[in-house]
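Scroll down for the structure; my scribbles are underneath it.
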């Protein structure tokens, strides 16, 4: 296999590192949520990439088909569930960020910590 033939995995690694960097290094809570979303998209890409079977068809058994190669539908089902969970997580995170902004007047992590130590 050529190294360029694995471009899906390279895109996965780049997206994963961008998302992880944003979650860890950015002090802005909105940027952290955006990084979390990018991280989740990278994991989705990895599962979808691993699902591909060369020469595989949809897992619909037809009469007369002998020794046919089928793709596994389980990763697709897992990704659909993960997308719903990811959307719910981002929506809850946005609601928490809005509530934090109402309470503290900022969404910067260090300013929120300073405000907590002053009280």
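The values are calculated or read from the model by the stated rules, or taken from the named source; none is laboratory data. Everything numeric here is computed off the predicted structure, so don't read it as measured data. Here the Cβ is made from the backbone with ideal geometry for all residues, glycine too, and neighbour counts use every protein chain on show.
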Any idea which of 48, 83 is more than 30 Å from residue 97 (Cα to Cα) and surrounded by 12 or more Cβ atoms within 10 Å (Cβ to Cβ)? 48
Take residue 14 and decide whether it is surrounded by 10 or more Cβ atoms within 10 Å (Cβ to Cβ) and either in contact with a strand residue (DSSP E or B) (Cβ under 8 Å, 6 or more places away or on another chain) or at pLDDT 95 or above (or both). yes
Which condition does residue 118 not pass, out of (1) surrounded by 10 or more Cβ atoms within 10 Å (Cβ to Cβ); (2) over 19 Å from residue 26 (Cβ atoms), if it passes all the others? (1)
Mind checking whether some residue in the range 49-63 is touching a helix residue (DSSP H, G or I) at 6+ places or on another chain (Cβ under 6 Å) and either within 18 Å of residue 90 (Cβ to Cβ) or in contact (Cβ under 8 Å) with a residue 40 or more places away in the chain (or both)? yes
Subset of the range 21-56 (residues that are in a helix (DSSP H, G or I) and either more than 24 Å from residue 76 (Cα to Cα) or touching a strand residue (DSSP E or B) at 6+ places or on another chain (Cβ under 7 Å) (or both)): 21, 22, 23, 24, 25, 29, 30, 31, 32, 33
